[in-house]
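Single-structure report; data block below.
Readers should treat all values here as calculations from the given coordinates under stated rules, not as data from a laboratory. For clarity, every value in this text was computed on a predicted model and none was experimentally measured. Cβ atoms come from the backbone with ideal geometry, glycine included; neighbour counts cover every protein chain shown.
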Amino acid sequence: MPIGSPNGKYKLRILDNSGISLLAVERTASKVNGLTSFRSPLDTSNLPPGDYRLSIQEPGFEEWTIIRLK
């Protein structure tokens with residue numbers, strides 16, 4: 001997570017190119033060696049090869065941050 005990200009429960013979604021959520025999970029992040037991080041194994045075996053977006057929502061926020069995946 002970016003420097004300064006808070007501890008807490010994060011929501012993650014895998015989106016297709018049209019913005020439809022294909023997979024959604026919630027994970028708890030905590031500081032490790034000064035960096036906020038979490039482990040989030042996701043079973044994406046049912047998703048066909050292609051371009052996707054990772055959408056992350058920080059605790060206490062309504063907005064989602066979107067990251068392109070290849």
Residue separation between Asn7 and Asp51 times 0.36 nm, minus their alpha-carbon distance, gives in nm 12.9 nm
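Could you order the peptides 10-17, 21-28, 42-49, 62-69 from most to least packed, using the average number of other C-beta atoms within 10 Å per residue? If you can, show how the numbers build up before the last one.
Details: 10-17: 16.6, 21-28: 12.8, 42-49: 8.8, 62-69: 10.6.
The packing order, highest mean first, is 10-17, 21-28, 62-69, 42-49.
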The size of the Cβ-based charge dipole (Lys, Arg +1; Asp, Glu -1) of the chain about the Cα centre, to the nearest 20 debye, is 220
HN-Hα couplings for segment 3-8 via Karplus (6.51, -1.76, 1.60; θ = phi - 60°), in whole Hz with x for Gly/Pro, come out as 4, x, 5, x, 5, x
Residues whose modelled amide H sits under 5 Å from the amide H of Ala29, counting only those 5 or more places away in sequence or on another chain, are Gly8, Lys9, Tyr10
